[in-house]
Amino acid sequence: MLIKRSLAVFAALFIWVTLSGMGKGPGTEVPLPEINFKATVRDDQDITTKVQNASWEGEIFFIGTRGKGTVTVFFEKIRKITATGTGADNKSDFQVTMKNGDVVAISLDNDQRFFGTTNYGTYRVLAKNIKEITFD
């Protein structure tokens, strides 16, 4: 009797641990930034996607490296950002064309993501798969 009860408790505990450890998948939600920036993204397969509520890891700026320094470039100042190649240390290199005409080179972590919403759902793309982003 004690063995059956112990087995039942063990089985229940095992099922609870297994099910609670599963967690949620990646989900369908993307962060909604405080300002609704609109952009057109072209990925490395030349697929273009128009998005609104654009963000970089939930923020309305790109944070990357320029040489040994770290730079923050706000979306409101950017006309477009274009991939120029693969950088060192798991980074991709980009050329940022500012609305005032200045051009700045930055590197972004390959695993960081650009988010947005579309008329048909949410959108996510890794930095390493971005060819160009043009802000409206």
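Return the aspartates and glutamates within reach of K128: Cα separation strictly under 15 angstrom, same-chain partners fewer than 8 residues apart disregarded; answer none if there are no such residues.
List returned: D43, D44, D46, E57, D89, D93, D109, D111.
For T84 and E34 in the same chain, what is the full-extension length gain: residue separation times 0.36 nm, less their Cα-Cα distance, in nm? Numbers along the way, then the final one.
Numbers: separation 50, 0.36 × 50 = 18.00 nm, distance 2.95 nm.
Extra length available between T84 and E34 comes to 15.0 nm.
Residue separation times 0.36 nm, minus the C-alpha to C-alpha distance between Q52 and N110: what's the value?
Working: separation 58, 0.36 × 58 = 20.88 nm, distance 2.20 nm.
Once the chain is fully extended between Q52 and N110, it gains 18.7 nm.
Taking a virtual spin label 7 Å from the Cα of I63 along the C-beta vector, which residues in the range 88-126 bring their backbone nitrogen under 18 Å of it?
Within reach of a label on I63, which here means backbone N under 18 Å from a point 7 Å along Cα→Cβ, the range 88-126 contributes 91-92, 106-115.
Using a cut-off of 10 Å between beta-carbons, work out the net charge of the residues near I130 (Lys and Arg +1, Asp and Glu -1, I130 not included).
On the way: positive: R42, R113, K128, K131; negative: D43, D44, E132.
Cβ neighbours under 10 Å give a net charge of +1.
Any read-out appearing in this document is the output of simple, stated calculations on the displayed coordinates, not a laboratory observation. Not measured: the values here are computed from a predicted model. No Cβ is skipped: glycine too gets one built from the backbone with ideal geometry, and neighbour counts run over all protein chains shown.
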